[in-house]
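**Student:** To start, I am sharing the structure in question, which I have written as structure tokens.
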Amino acid sequence: MTGTEASIPAPVDSFRAARDFLLAHRDDYDTAYREFRWPELADFNWALDWFDGVLAVERPDQPALWLVGPDAEERVTFAEMSARSTQLAGWLAAAGLRAGDRLLLVLGNVRPLWEVTLAAIKMGVVLIPATTLLGPADLADRIERGGVSAVVTASADTGKFAEVSGEYLRIAVGEPVPGWLRYADSATSMEHFAPARTAATDPMLRYFTSGTTARPKLVEHTQVSYPVGHLSTMYWIGLKPGDVHVNISSPGWAKHAWSCVFAPWNAGATVLMHTVPRFSAPDLLDVLLRCEVDTFCAPPTVWRMLVQQQLARWPVPTRELVSAGEPLNPEVIEQVRAAWGITVRDGYGQTETTAQIGNSPMQPVTLGSMGRPLPGYAVTLLDVVTGKPADEGEISLDLANRPMGLMTGYLDDPERADEVMRDGYYHTGDVASRGEDGYITYVGRADDVFKASDYRISPFELESVLIEHEAVAEAAVVPAPDPVRLAVPKAYVVLAAGYQPGPETALAILRYCRQQLAPYQRVRRIEFADLPKTISGKIRRVELRAAESGGDGRRPGEFREEDFPDLRG
């Protein structure tokens, strides 16, 4: 070996140096953001180099995974998970799976989910995670567009594939199913696994987006864009080695990989999953308290359920509380802070990226703000008309400083990929504003922001006011046609427990909005209804806008300002 070769650090050393830098500057945002650099990696395999080579060696007896169910608990150490995933990789290879093959993973939060994830990464097999809520038509779409070579799913879900054509390896977790390999057989396998190196640019993950506005897009990530890219997510959450981390997320969505795999295991933390068939806020709070959870992440929907409880009854020892998926309303943050003395820190990212923006640990939090650009991300707001940098505009990433956590593109739609990567920027499709302090506040999806009486309306801003009213559990604001103003803000409202839809409730909410909002922002119509959502829980405002596009006719159950004499004018 020459002196030059000896000076080049191994891939895992470069990764570790970047990770350790962020851990060392966890409480010093300015230094972390200014001096962090992504590691330069030609080849890298996170499962082999980091999980097996470091975590399983340095933390062999620490639980990597802690499953807490209503009747049983299971802890799997880093050493056990390393050995088991290697055994599984040998069994899958013997079954015919090869590097570059695509594996559709359709499992709930069960141990095999993490075993398959690690085994596939070790093999260079491309994972396509999918939620168990998908039906046969959606599964067929994923198998066809994803070029699937193998499927791993629960025995109870194999029936969904009965009419899904294609030549793919079938593996069932659970009871034996005719025509399917039995996953349990891999536990006694003695097949040898010979790992091969993977290039940093090799594909590792393909995600179908949740489809809030259109057909789900097929996003591709590489062997580094998610494992290494989630160093930004680790930093935002505030994870430390040895932490116990809980994230509320369903498998199949990118946020599950964010906070149930890569970010916590980058830090050397334990992933704790509360495995219950149906969400229960009191049960989850019991787990946070009893298991002494250090860091906790949940989407806004869960936070809104939690604040319906008397949180002070659960004096949780949690150090860090974060939220992602959609912006978290300031009212919810205030309620948690009043009960626990901890501020929930919001963050922002996409399936296409890792965490881009966040309120990082030990930094001031401006309520309603997503925070500041995270280490490794150069964020620019581009005016939606001129395309020039502005104080308010589309959240965009400078490709001259391309973040490692950015996708390679949309696999089956090169035109759409070119569109979002145009003019030297990756365009997120989300609009935000930047304050003088550098903090960024979410305005809305570019498609959701609308004009009323020639004023720009941010649905999120109005929704944040609406849920401050005690009768409102959830709300979504869209434009409704109006002969004078062209459009007026209309709120679709889900009521809190104990409140009934009707004119009295509508009047109370409209009057409250009149008091809290500027005249041009005023919510002028209300309809009490369930909100259409994707199976990942995001509101599909596109459906609500479509319901309003048929003209100015009054919808059943709709209440308007003009219905109430004291609100006219």
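**Student:** Please find, within region 293-319, the residue that is most open to solvent (accessible area, probe 1.4 Å) out of those that are more than 15 Å from Val271 (Cβ to Cβ) and charged (D, E, K, R).
**Tutor:** That would be Arg313.
**Student:** Here's something else I'd like to know. Return yes when Arg170 is closer than 30 Å to Pro532 by Cβ, open to solvent by 30 Å² or more (accessible area, probe 1.4 Å) and modelled with pLDDT of 95 or more and no when it is not. Full working, then the answer.
**Tutor:** Values: closer than 30 Å to Pro532 by Cβ: no; open to solvent by 30 Å² or more (accessible area, probe 1.4 Å): yes; modelled with pLDDT of 95 or more: yes.
So Arg170 fails the test.
**Student:** Could I ask something else about it? Checking Ile526 against (1) in a helix (DSSP H, G or I); (2) within 19 Å of Val488 (Cα to Cα); (3) modelled with pLDDT of 85 or more; (4) among the β-branched types (Val, Ile, Thr), only one condition comes out false. Which one?
**Tutor:** Looking at each condition in turn, Ile526 falls short on (1).
**Student:** Considering each of Phe460, Phe564, Phe559 in turn, give the residue that is in contact (Cβ under 8 Å) with a residue 40 or more places away in the chain, aromatic (Phe, Trp, Tyr) and closer than 25 Å to Trp253 by Cβ.
**Tutor:** Phe460
**Student:** Of all residues in region 137-150, which are surrounded by 17 or more Cβ atoms within 10 Å (Cβ to Cβ) and charged (D, E, K, R)?
**Tutor:** Asp138, Arg142, Arg145, listed by residue number.
**Student:** I need the full set of residues from region 271-301 which are more than 18 Å from Asn359 (Cβ to Cβ), without any contact (Cβ under 8 Å) to a residue 60 or more places away in the chain and aliphatic (A, V, I, L, M), in order please.
**Tutor:** Step one: list which residues in region 271-301 are more than 18 Å from Asn359 (Cβ to Cβ), which gives 271-293, 301.
Filter once more, so that each one left must be without any contact (Cβ under 8 Å) to a residue 60 or more places away in the chain: 277-282, 284-286, 288-290, 292-293.
Passing the criteria: Ala281, Leu284, Leu285, Leu288, Leu289, Val293.
**Student:** Looking only at region 360-389, filter to residues that are closer than 30 Å to Glu334 by Cβ and among the aliphatic types (A, V, I, L, M); which one of those is surrounded by the most Cβ atoms within 10 Å (Cβ to Cβ)?
**Tutor:** First, pick out the residues of region 360-389 that are closer than 30 Å to Glu334 by Cβ: 360-375, 377, 379, 381.
Of the ones still in play, those that are also among the aliphatic types (A, V, I, L, M) are 362, 365, 367, 370, 374, 379, 381.
Values: Met362: 10, Val365: 16, Leu367: 18, Met370: 26, Leu374: 30, Val379: 19, Leu381: 20.
Taking the candidates together, the pick is Leu374.
**Student:** Considering only region 66-85, state which residues are under 16 Å from Pro241 (Cβ atoms) and assigned to a strand (DSSP E or B).
**Tutor:** Within region 66-85, Trp66, Thr77 qualify.
**Student:** Give the number of residues within region 339-359 that are farther than 16 Å from Thr233 by Cα, open to solvent by less than 40 Å² (accessible area, probe 1.4 Å) and assigned to a loop (DSSP other than H, G, I, E, B).
**Tutor:** The total comes to 2.
**Student:** Taking the condition of being out of contact with any Lys or Arg (no Cβ under 7 Å at 6 or more places or on another chain), within 28 Å of Trp258 (Cβ to Cβ) and open to solvent by less than 20 Å² (accessible area, probe 1.4 Å), how many residues in region 151-160 meet it?
**Tutor:** First pass over region 151-160, keeping only residues out of contact with any Lys or Arg (no Cβ under 7 Å at 6 or more places or on another chain): 152-160.
When the remaining residues are screened for being within 28 Å of Trp258 (Cβ to Cβ), the result is 152-154, 156-157, 160.
If we keep only those that are open to solvent by less than 20 Å² (accessible area, probe 1.4 Å) too, we end up with 152-153.
Residues in region 151-160 being out of contact with any Lys or Arg (no Cβ under 7 Å at 6 or more places or on another chain), within 28 Å of Trp258 (Cβ to Cβ) and open to solvent by less than 20 Å² (accessible area, probe 1.4 Å): 2 in total.
**Student:** What number of residues within region 182-199 satisfy the criterion of being touching a Leu at 6+ places or on another chain (Cβ under 7 Å) and open to solvent by 60 Å² or more (accessible area, probe 1.4 Å)? So that I can check it myself, show each step before the final result.
**Tutor:** Just the residues of region 182-199 that are touching a Leu at 6+ places or on another chain (Cβ under 7 Å), to begin with: 186, 195.
When the remaining residues are screened for being open to solvent by 60 Å² or more (accessible area, probe 1.4 Å), the result is 195.
Total meeting the criteria: 1.
**Student:** Take the residues of region 11-46 that are small (Gly, Ala, Ser) and open to solvent by 50 Å² or more (accessible area, probe 1.4 Å): which is farthest from the chain's Cα centre (by Cα)? Let's see the steps before the verdict.
**Tutor:** Keep residues of region 11-46 that are small (Gly, Ala, Ser), which gives 14, 17-18, 24, 32, 42.
With the extra rule that they be open to solvent by 50 Å² or more (accessible area, probe 1.4 Å), the set shrinks to 17, 24, 42.
On the way: Ala17: 26, Ala24: 26, Ala42: 28 Å.
Per the criteria, the residue is Ala42.
**Student:** For Ile467, indicate whether it is open to solvent by less than 30 Å² (accessible area, probe 1.4 Å), farther than 23 Å from Gly393 by Cβ and touching a helix residue (DSSP H, G or I) at 6+ places or on another chain (Cβ under 8 Å). Break it down stepwise before answering.
**Tutor:** Working: open to solvent by less than 30 Å² (accessible area, probe 1.4 Å): yes; farther than 23 Å from Gly393 by Cβ: yes; touching a helix residue (DSSP H, G or I) at 6+ places or on another chain (Cβ under 8 Å): yes.
Spelling it out, Ile467 is indeed open to solvent by less than 30 Å² (accessible area, probe 1.4 Å), farther than 23 Å from Gly393 by Cβ and touching a helix residue (DSSP H, G or I) at 6+ places or on another chain (Cβ under 8 Å).
**Student:** Can I ask one more? Could you give every pair whose Cβ atoms fall below 7 Å, whose first residue belongs to region 536-552 and is over 18 Å from Pro300 (Cβ atoms), and whose second residue is open to solvent by 50 Å² or more (accessible area, probe 1.4 Å) and at pLDDT below 85, counting only separations of at least 6 or pairs across chains?
**Tutor:** Cβ pairs passing all conditions: Val542/Thr213; Asp552/Pro483.
**Student:** Have a look at Val365, Val336 and point out the one that is in contact with a Lys or Arg (Cβ under 7 Å, 6 or more places away or on another chain) and either part of a strand (DSSP E or B) or among the hydrophobic types (A, V, I, L, M, F, W, C) (or both).
**Tutor:** Details: Val336 fails: in contact with a Lys or Arg (Cβ under 7 Å, 6 or more places away or on another chain).
Exactly one of Val365, Val336 is in contact with a Lys or Arg (Cβ under 7 Å, 6 or more places away or on another chain) and either part of a strand (DSSP E or B) or among the hydrophobic types (A, V, I, L, M, F, W, C) (or both), namely Val365.
**Student:** Out of Glu331, Glu326, which single residue is outside any loop (DSSP other than H, G, I, E, B) and open to solvent by less than 60 Å² (accessible area, probe 1.4 Å)?
**Tutor:** On the way: Glu326 fails: outside any loop (DSSP other than H, G, I, E, B).
Result of the check over Glu331, Glu326: Glu331.
**Student:** Can I ask one more? Hey, any hits in region 388-397 for a residue that's in contact (Cβ under 8 Å) with a residue 24 or more places away in the chain, under 22 Å from the mean Cα position of the chain (by Cα) and in a helix (DSSP H, G or I)? Walk me through how you get there before you give the answer.
**Tutor:** The initial filter retains those residues of region 388-397 that are in contact (Cβ under 8 Å) with a residue 24 or more places away in the chain, namely 391-397.
Adding the requirement that they be under 22 Å from the mean Cα position of the chain (by Cα) leaves 394-397.
Then drop every residue that is not in a helix (DSSP H, G or I), which leaves none.
Looking through region 388-397, none of the residues is in contact (Cβ under 8 Å) with a residue 24 or more places away in the chain, under 22 Å from the mean Cα position of the chain (by Cα) and in a helix (DSSP H, G or I).
**Student:** Then there is this: Quick check: is even one residue across region 485-495 open to solvent by 30 Å² or more (accessible area, probe 1.4 Å) and farther than 30 Å from Glu394 by Cβ? Don't jump to the end; show me each part of the working.
**Tutor:** First, the residues of region 485-495 that are open to solvent by 30 Å² or more (accessible area, probe 1.4 Å): 485-486, 494-495.
Retained after the next criterion (residues that are farther than 30 Å from Glu394 by Cβ): 495.
Among the residues of region 485-495, at least one is open to solvent by 30 Å² or more (accessible area, probe 1.4 Å) and farther than 30 Å from Glu394 by Cβ, which makes the answer yes.
**Student:** Within region 270-293, can you find the residues that are part of a loop (DSSP other than H, G, I, E, B) and within 16 Å of Pro317 (Cα to Cα)?
**Tutor:** Of everything in region 270-293, those that are part of a loop (DSSP other than H, G, I, E, B) and within 16 Å of Pro317 (Cα to Cα) turn out to be Cys291, Glu292, Val293.
**Student:** What are the residues in region 511-523 that are over 19 Å from Val494 (Cβ atoms) and open to solvent by less than 30 Å² (accessible area, probe 1.4 Å), if any?
**Tutor:** Those that are over 19 Å from Val494 (Cβ atoms) and open to solvent by less than 30 Å² (accessible area, probe 1.4 Å): Leu517, Gln521, Arg522.
Here's the yes/no breakdown for (1) farther than 18 Å from Asp448 by Cα; (2) modelled with pLDDT under 80; (3) not β-branched (Val, Ile, Thr):
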site	(1), (2), (3)
Lys538	no, yes, yes
Ala547	no, no, yes
Gly557	yes, no, yes
Asp563	yes, no, yes
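Rundown of residues vs (1) in a strand (DSSP E or B); (2) touching a Phe, Trp or Tyr at 6+ places or on another chain (Cβ under 9 Å), yes/no style:
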| residue | (1), (2) |
| --- | --- |
| Met404 | no, yes |
| Arg416 | no, yes |
| Tyr426 | yes, no |
| Ala432 | yes, yes |
| Val443 | yes, yes |
| Ser464 | no, no |
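**Student:** So which residues in region 454-464 are over 14 Å from Arg514 (Cα atoms), out of contact with any helix residue (DSSP H, G or I) (no Cβ under 9 Å at 6 or more places or on another chain) and open to solvent by less than 70 Å² (accessible area, probe 1.4 Å)?
**Tutor:** Result: Phe460, single match.
**Student:** I've got another one for you. Scan region 133-165 for residues that are in a helix (DSSP H, G or I) and closer than 20 Å to Asp412 by Cα and jot them down.
**Tutor:** Let us first name the residues in region 133-165 that are in a helix (DSSP H, G or I), namely 136-146, 155-161.
Those that are in a helix (DSSP H, G or I) and closer than 20 Å to Asp412 by Cα: Ala137, Asp138, Leu139, Ala140, Asp141, Arg142, Ile143, Glu144, Arg145, Gly146.
**Student:** Turning to a different aspect of this structure: When you scan region 374-397, how many residues do you find that are modelled with pLDDT under 95 and within 27 Å of Ala18 (Cβ to Cβ)?
**Tutor:** Summing the residues that are modelled with pLDDT under 95 and within 27 Å of Ala18 (Cβ to Cβ) in region 374-397 gives 0.
**Student:** Does Ala506 fit the bill of being under 28 Å from the mean Cα position of the chain (by Cα) and either of a type in the set (A, V, I, L, M, F, W, C) or outside any helix (DSSP H, G or I) (or both)?
**Tutor:** Numbers: under 28 Å from the mean Cα position of the chain (by Cα): no; either of a type in the set (A, V, I, L, M, F, W, C) or outside any helix (DSSP H, G or I) (or both): yes.
Answer is no for this residue.
**Student:** Yes or no: Arg182 over 23 Å from Val126 (Cβ atoms) and modelled with pLDDT of 95 or more? Give the steps one after another, and end with the answer.
**Tutor:** Working: over 23 Å from Val126 (Cβ atoms): yes; modelled with pLDDT of 95 or more: yes.
Spelling it out, Arg182 is indeed over 23 Å from Val126 (Cβ atoms) and modelled with pLDDT of 95 or more.
The values are calculated or read from the model by the stated rules, or taken from the named source; none is laboratory data. Everything numeric here is computed off the predicted structure, so don't read it as measured data. Quick reminder, even Gly has a Cβ in these numbers, built from the backbone with ideal geometry, and neighbours come from all protein chains shown. Note: areas computed on protein heavy atoms with side chains; ligands, DNA, RNA excluded. Shrake-Rupley method; radii C 1.70, N 1.55, O 1.52, S 1.80 Å.
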